[in-house]
Amino acid sequence: MSALQFYNSLSRQKEPFRPLHAGKTGMYVCGMTVYDYCHIGHARVMVVFDTITRHLRALGYELHYVRNITDIDDKIIARAAENGETIAALTERFTAAMHEDEAALGCLPPDEEPRATDAVPGMIALIETLIKKGHAYAADNGDVYYAVRSFPGYGKLANRSLDDLRAGERIAVNEAKNDPLDFVLWKATKPGEPSWDSPWGQGRPGWHIECSVMSAAALGEHFDIHGGGMDLKFPHHECEIAQSEGACGHRHVNYWLHNGFVQINDEKMSKSLGNFFTVRDVLQHYDGETLRTFILGSHYRGPLNYSDTALAEAKKMLTRLYTALDKQPLDGALDTAAVAAFEEAMNDDINTPKAFAVLFDLARRINSGDAHLAATLKTLGGRFGILQQAPAVFLKGEGSLDEATITARIAERNAAKAAKDYARADAIRAELAAQGIILKDTAGGTEWCYE
């Protein structure tokens, strides 16, 4: 079996995973800015890095998984003012909602979940260090900026030269800056905004400085894995590298992992396009395990195209796997060849589509009579965060008809068959099939499940 390798966004190639400390590793993932409900893009970040966490631990690594919460930000301040509520009330409400969505998606909580507002003293200390080393400067208006051209490596993650780069999202061009590319580390307070004391007066931290401080506090100044969505690669992660490496003078992160964008019916997800979906929107129509299966059905670095058709297909995939597990013994020895094939796929930069093929092959073999493989299918499903429900519960729990109604309809069909009214019996079967309910006549009676 090949060794674990990741595609490193910094080197733009797959690299063997060699942690700083044998058998141990640390991973920091940029979390949510808690001013609204999580959308499908957030769901992908949660599921992808939860799956990477599960795989690292399955391989025997002692992993410390950290995902932060941004609870101070321009959008948070604006939304709280718009709602007429305190920032604390807003962020607590949406942090709780995020945890509910995370649980619905079957994600394990991170080992550590630092909040930006708890790390402000560390941010002030890091900014002071950057000023002393000539990487930052205080402007006359009370803001503090990072001097991008003081750091020769700026642009190495985005693979662009300084002259090619432009001020990106959240990097506003401001006359107080020495250079349009310079980004804010500390913002002077405005009326009505939260603020902290600092050597530069009352103010609050910029967005980028938060993760440099929280990641170092949890994992040290040099750690193995930093993850997040592709949208964070520039400017956020580029700025993190400049801040962290400018201050400590050595490499900050060894492996940068970025998951791809979510598209809606082949278009970019956007509120302005009216195709913006929250996790809660989707969970009104599909269960969390189906949404998770949909997300893992595509490789994490590629685009994920959200559509009702794709969700329905994920539901069928999950039903097929649960159907193979139904009424099978779920304990016993694991099939070493199947485990090796699954791990081979996952070791290749977390190739979940290829690993899913191993699960479906197991399902096919179980359906062909190899019942002893059910334990292996369930165990490997657990590494994806799926197939952990009792099969009968899943297979009978997702329809629009309740079980009593379905049972009554089956009884009507049986009565029609007994009376040789086969047209009526076939009509009842067809009515149930139209609602996704499949009947199977066995020697012990009629069984049913969802398609």
Can you list residue pairs whose Cβ atoms sit under 8 Å apart, with the first residue in the range 213-234 being buried (at least 21 other Cβ atoms within 10 Å of the Cβ) and the second being in a helix (DSSP H, G or I) and among the acidic types (Asp, Glu)? Count only pairs 6 or more apart in sequence or on different chains.
215/240; 226/240
Being touching a residue at least 12 places away in the same chain (Cβ under 8 Å) and either surrounded by fewer than 18 Cβ atoms within 10 Å (Cβ to Cβ) or more than 23 Å from residue 296 (Cβ to Cβ) (or both) is the filter here; which residues of the range 19-36 pass it?
19, 20, 23, 24, 26, 33, 34, 35, 36
Would you call residue 82 open to solvent by 20 Å² or more (accessible area, probe 1.4 Å) and within 20 Å of residue 300 (Cα to Cα)?
no
Which one of these does residue 258 not meet: (1) under 30 Å from residue 18 (Cα atoms); (2) open to solvent by 10 Å² or more (accessible area, probe 1.4 Å)?
(2)
Conditions (1) surrounded by fewer than 22 Cβ atoms within 10 Å (Cβ to Cβ); (2) under 21 Å from residue 329 (Cα atoms); number of the one not met by residue 384
(1)
Quick one: which residue in 103, 147, 139 is of a type in the set (Gly, Ala, Ser), closer than 30 Å to residue 277 by Cβ and in the same structural domain as residue 87 (by the TED database)?
103
The residue that is most open to solvent (accessible area, probe 1.4 Å), considering only those in the range 408-431 that are at pLDDT below 80 and under 41 Å from the mean Cα position of the chain (by Cα), is 431
Please determine whether any residue of the range 43-60 is open to solvent by less than 10 Å² (accessible area, probe 1.4 Å) and either free of Cβ contacts under 8 Å to residues at least 60 places away in the same chain or at positive phi (or both).
yes
Residue 260 being modelled with pLDDT of 95 or more and farther than 24 Å from residue 379 by Cβ:
yes
Inside the range 190-200, can you point out the residues that are touching a residue at least 24 places away in the same chain (Cβ under 8 Å) and open to solvent by 30 Å² or more (accessible area, probe 1.4 Å)?
192, 193, 194, 196, 199, 200
For residue 181, indicate whether it is in a loop (DSSP other than H, G, I, E, B), surrounded by fewer than 16 Cβ atoms within 10 Å (Cβ to Cβ) and of a type in the set (A, V, I, L, M, F, W, C).
no
Return only the number of the condition from (1) surrounded by fewer than 18 Cβ atoms within 10 Å (Cβ to Cβ); (2) under 33 Å from the mean Cα position of the chain (by Cα) that residue 116 does not satisfy.
(1)
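The values are calculated or read from the model by the stated rules, or taken from the named source; none is laboratory data. Because the structure is predicted, anything quoted here is derived from the model rather than measured. Please note: Cβ atoms are built from the backbone with ideal geometry, for glycine as well, and neighbour counts cover all protein chains shown. For accessibility, only protein heavy atoms count, side chains too; no ligands or nucleic acids. Shrake-Rupley method; radii C 1.70, N 1.55, O 1.52, S 1.80 Å.
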